[in-house]
Each structure stands twice: as structure tokens, then as C-alpha cells.
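Take a look at the structure set out below.
Read-outs throughout are calculated quantities, based only on the coordinates presented, and are distinct from any laboratory measurement. What you see is a predicted model; the values in this text were computed from it and never measured. So basically every Cβ, Gly included, is an ideal-geometry build from the backbone, and we count neighbours across all protein chains shown.
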Amino acid sequence: MGNKHETATLAAGCFWCVEAVFQRLKGVERVVSGYTGGDVENPSYQQVCTGATGHAEAVQVTYDPTVISYADLLEVFWHIHDPTTLNRQGADVGTQYRSAIFYHSDEQKAAAEKSKLEAEASGSRKKPIVTEIVPLTRFYEAEGYHQDYYNLNPNQGYCRLVIDPKIKKFQKQYEEKLK
């Protein structure tokens, strides 16, 4: 990949959901599901599921900033999950499902903090936002069967019950940004 690509690392609950949404945006070249924010090296999905590793399920989004900005990615991030629930998204509960922005640079940190303030000021939420904004340390790619999960398993129960409605809502709201 050329130098024109940048990377965003975001956690917003189950990485299958987050990956499926970001894959549909114009300017997004690649989305990888994985783990970050914890202190266990090369964690397995089973380890992360215990909540004891400190890692969050996250995605790394490789994008072309001339097509979609980091600020646009963050806007989508705020709309596709509930950033007011601590360590939980829907039925998924535990620190591995926390809401977090893992920044790669001081510019991303500043943009994330600005974006969070704007999301809080919008008044669209009844509770305070609990999203962490922390530096990215190390990102571990999840096992192969977690990659491109929704696209490969559209009829799986979780995909139909949880991800389908999320994607439909997202597509309606961000029609002009879709591939």
C-alpha cells in the first residue's frame, strides 16, 4: 500500500459488527478484526472472552484520507454503537466489549477528543459517553475465522439478529458514504 493510506483502530463492541459496517464505507481499503488495549501477548479469542486479558475486541481500518477522513470514521463510530454503556454493547458484556478509540498519533488523539466533545454536546444521548481515548500499543490480529465474518456467515443467528439491523440502520443514515 502507498503512503496515502492511514489506519484507525476502534473498539465498539463485537468486532464482527464493527467490521461489517466499516467495510461498506467508500475510502476504506481494509478492515481487520483483532485485540488491543490489554497486556497479554498474542491473545486467543478464548482468552479475550474471559475479560482477563485487558484487551478489547477492536478493528483496524485502513483507509484513504483523500476519500474519507478520520473525522468521518469517528462520526460513524459514534453512531453505530452506544458509547454510554461501560464495558457492554447490547447482550455482549465485559471489558472486551468496551468503547474505545486507540489513537496512532497526536493528530488522531486531538481529533478523537474533539469528536467526543461534539458527540457529547449533540445532546442525542441521555447518559455521559464513557469511551476511552488511549494510545494504541500493539494490535493483535484475530484468528482467521473472525475476519470478514459477517460477509462469510450472513445467515448465522448472531449476524441476522444483531448485525443485520445495525447495517440496515447504518446504510440508511450514511447512504452517500457507501461503496
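Using θ = phi - 60° and the Karplus relation 6.51 cos²θ - 1.76 cosθ + 1.60, list the HN-Hα couplings for segment 110-124 in order, rounded to whole Hz, with x at every Gly or Pro. Each residue of segment 110-124 in turn: 4, 5, 5, 5, 4, 4, 5, 4, 5, 5, 5, 6, 5, x, 7 Hz. The string of couplings for segment 139-149 from the Karplus curve (6.51, -1.76, 1.60, θ = phi - 60°) is 10, 10, 5, 6, 4, x, 5, 8, 7, 6, 4 Hz, one whole number per residue in order, with x for Gly and Pro. The amide H of Gly38, built 1.01 Å from its N in the peptide plane, has His55, Ala56 as neighbours under 5 Å, considering only residues 5 or more places off or on other chains.
Just report the Cα centroid separation between segment 71-105 and segment 117-179, whole Å. The two parts, judged by their Cα centres, are 8 Å apart. For Glu29, the residues whose amide H sits under 5 Å from its own are Thr62, Tyr63, Asp64, ignoring neighbours fewer than 5 places away on the same chain, with H placed 1.01 Å from N.
State whether segment 139-179 is rounded, prolate or oblate according to the following rule on the C-alpha gyration tensor (a ≥ b ≥ c being the square roots of its eigenvalues): a/c under 1.5 gives rounded; otherwise a/b larger than b/c gives prolate, and the remaining case gives oblate. Oblate shape, in that a/c is at least 1.5 and b/c is the bigger or equal ratio.
Here segment 1-54 is described by how far its Cα atoms reach on the three principal axes: 36, 23, 14 Å, from widest to narrowest. When the chain is treated as a Gaussian network with alpha carbon springs shorter than 10 Å, the biggest mean-square fluctuation among Leu25, Leu117, Leu74 belongs to Leu117. Converting phi to 3J(HN,Hα) with the Karplus coefficients 6.51, -1.76 and 1.60 and the offset θ = phi - 60°, segment 48-56 yields 5, 4, 6, x, 8, 7, x, 7, 10 Hz in sequence order, with x at every glycine or proline. For the chain, a Gaussian network of Cα nodes joined below 10 Å ranks Tyr35, Tyr97, Tyr149 by mean-square fluctuation, and the top entry is Tyr149. Using only the Cα atoms of segment 31-179, build the gyration tensor, take square roots of its eigenvalues as a ≥ b ≥ c, and label the shape rounded, prolate or oblate: rounded if a/c is under 1.5, else prolate if a/b is larger than b/c, else oblate. Cα axes put segment 31-179 in the rounded bin.
Counting only GluC sites (Glu not before Pro) that are in a DSSP loop and have at most 13 other C-beta atoms within 10 Å, tell me the longest site-free stretch of the chain.
Numbers: sites that count: Glu41, Glu143.
Between exposed loop sites, the widest span is 42-142.
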